[in-house]
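Participant: The structure is given below, and queries will be raised subsequently.
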Amino acid sequence: MTFGEQPAYLRVAGDLRKKIVNGSLPPHTRLPSQARIREEYGVSDTVALEARKVLMAEGLVEGRSGSGTYVRERPVPRRVARSGFRPVGGATPFRQEQADVAARGTWESRSEQVEASGAIAERLAIQPGDRVMCTKYTFRDAGEVMMLSTSWEPLALTGRTPVMLPEEGPLGGMGVVERMAAIDVIVDNVTEEVGARPGLAEELLALGGVPGHVVLVVQRTYFASGRPVETADVVVPADRYRVSYHLPVK
């Protein structure tokens, strides 16, 4: 096989990828062995190994201990809806994060006081080391973990108030807008920035991914008269979900 100027391992990976996509190598099929790839494509062991690494990094195949490498089931991406301010009046944390009236699911959370890192301090316009309430959420849909979220709120604002703990007290779980209004802080703006990166080991463990899988990260910050009052990172697996925005036209 003539490979031209493109590196041989990318050509081999591309041909195998095409077979996976068109169904010639269906899900749960064992990927050709390194020796088989070497013979079929006329390449070295190194090239065959690198081609397999490419497919694994792309999430198309997975290794099974003592068994080999197999084509992964490709999930149909589902939607995570985002639409700015969350509905009030008893909306659950699951609906607050999805901003979708049809969203149903379960969640777990835990809060603790921590010192703001440099990055979080910058996002909240406070000093590094200032105390913040950090709340970590795990969201499940039909029992499957589908989203993680970590939020930070400055204790200089919420400390010693009924809303200091986001998921406890009279307004526990009611969302940032309604909770802040209870202490006379009127949220009037929210920003969200979406990026992608390889998932951290602990994130992928919780989300059921494998090392190298990419996650989408929504970096959200609520503001009241220009002052950041809450910032959060929402993490979803990129191979299973798409982030969908519904923005009003003014």
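The values are calculated or read from the model by the stated rules, or taken from the named source; none is laboratory data. For clarity, every value in this text was computed on a predicted model and none was experimentally measured. Please note: Cβ atoms are built from the backbone with ideal geometry, for glycine as well, and neighbour counts cover all protein chains shown.
Participant: Among the candidates Asp141, Asp130, which residue alone is more than 26 Å from Ala81 (Cβ to Cβ) and charged (D, E, K, R)?
Facilitator: Asp130
Participant: Evaluate the following for Glu203: is it more than 14 Å from Ser149 (Cα to Cα) and charged (D, E, K, R)?
Facilitator: No, not satisfied.
Participant: If you don't mind, there's one more thing I want to ask. Is there a residue being more than 29 Å from Ala142 (Cα to Cα), part of a strand (DSSP E or B) and in contact with a Ser or Thr (Cβ under 9 Å, 6 or more places away or on another chain) anywhere in the stretch 40-56?
Facilitator: There is no residue in the stretch 40-56 that is more than 29 Å from Ala142 (Cα to Cα), part of a strand (DSSP E or B) and in contact with a Ser or Thr (Cβ under 9 Å, 6 or more places away or on another chain).
Participant: Considering only the stretch 58-78, state which residues are touching a Lys or Arg at 6+ places or on another chain (Cβ under 7 Å), in a strand (DSSP E or B) and within 18 Å of Val21 (Cα to Cα).
Facilitator: Val61, Glu62, Thr69, Tyr70
Participant: Right, another one. Taking Gly212, is it surrounded by 21 or more Cβ atoms within 10 Å (Cβ to Cβ), small (Gly, Ala, Ser) and at pLDDT below 90?
Facilitator: no
Participant: So, one more: Can you give me the number of residues within the stretch 206-230 that are free of Cβ contacts under 8 Å to residues at least 24 places away in the same chain and within 19 Å of Glu97 (Cα to Cα)?
Facilitator: 2
Participant: Here's another thing I want to ask about it. Within 24 Å of the chain's Cα centre (by Cα), in a strand (DSSP E or B) and touching a residue at least 24 places away in the same chain (Cβ under 8 Å), is that true of Glu203?
Facilitator: So Glu203 fails the test.
Participant: Only residues that are within 14 Å of the chain's Cα centre (by Cα), in a strand (DSSP E or B), of a type in the set (A, V, I, L, M) and surrounded by 18 or more Cβ atoms within 10 Å (Cβ to Cβ): list them for the stretch 218-250, please.
Facilitator: Val218, Ala232, Val234, Val235, Val236
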